[in-house]
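Just below is one structure, and these are the notes that go with it.
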Amino acid sequence: MTNIVKIRASVFIPMSWTEPRKDLQTGKVIEFEGDSREFTPYAVNTMRSRVEQEVVVDFYKKEIFSYENTGISTERVTNPDGSINQRTGKASTEGILCTNIVWGSDDVRFQMSASASNPLNVYAPTVDYLLTVHVKKDGVIDIKGSHDGFPCYEFYKQVNFGPFEQLHTHDFRETGDTAEALAGDMEYSFKKNL
């Protein structure tokens, strides 16, 4: 019998540093630190994601527990004279939510969503995803999701503390998306029954 089902969502930048961008007026080169990792369900609590969310469905207690976090953002500015300035910040978790929870006799439905932006750039658009999740007591999940094209997205499920199973991944390096994909509507959607 299934007692615990976890759904884990992460958004991350796989490289160590983003592509350097030169400010033509000042000559400064600006980069942001990435997460230096690849796809894995085990990066939670390592500060190696821009956004992370975990929702735990406990059928025994008939409760949902939600955890959310954001990584530390680091900006590195190389000045024309070669000197380097760095600053850090942490995005708010206010936009990482588990909502619309509706329990049935042997299932539960809810939405997981995230909307967070780079805390060091006031003009940065938000990274977004929206998942509509239906978890059945036998551990089967029906999930419909949408997300931006940048950066990388990963969604997993785990039943009764067993192995994690991949629900969906998106790699901007394969699709050719850039940071411009953060603006506007979410470009990608998926459905999965697992």
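Build a GNM of the chain with springs between Cα atoms under 10 Å apart, and of Tyr123, Tyr153, Tyr67 the one that fluctuates most is Tyr123. Here the extension length gained between Asp81 and Asn121 equals 12.1 nm, from 0.36 nm per residue of separation less the Cα-Cα distance.
Percent relative contact order of the chain, based on C-alpha pairs within less than 8 angstrom and at least six residues apart? Walk me through the numbers on the way to the answer.
Working: 465 pairs, mean separation 38.7, N = 194.
Answer for the chain is 20 percent.
Taking Cα centre as origin and charging only the Cβ of basic (Lys, Arg, +1) and acidic (Asp, Glu, -1) residues, the dipole magnitude of the stretch 83-175 rounds to 260 debye. Spin-label pair Glu180-Thr74: with each label point 7 Å from Cα along the Cα-Cβ axis, the two points sit 3.0 nm from one another. Could you grab the relative contact order for the stretch 92-163? Cα pairs under 8 Å, six or more apart, rounded to a whole percent. Reported relative contact order: 22 percent. Calculated from the structure at hand, Kirkwood radius over Cα pairs in Å is found among (1) 17.7; (2) 18.1; (3) 20.6 as (1). Helix-only estimate, please: 222 nm mean residue ellipticity of the chain, summing -39500 (n - 2.57) across DSSP H runs of length 4 or more and dividing by its residues, to the nearest 500. Dividing the helical sum by the residues of the chain leaves -500 deg cm²/dmol.
Computed over the chain with a Gaussian network model linking Cα atoms closer than 10 Å, the most mobile of Val122, Val135, Val44 is Val122. Once the C-beta distance of Val140 and Ser189 is scaled by a Förster radius of 25 Å, the resulting FRET efficiency is 0.75 to the nearest 0.05.
All of the numbers you see were taken from the coordinates with simple rules; none came from a lab. All figures in this text were calculated on a predicted structure; none of them were measured in a lab. Ideal geometry is used to build each Cβ from the backbone, glycine not excepted, and the neighbour counts take in all protein chains shown.
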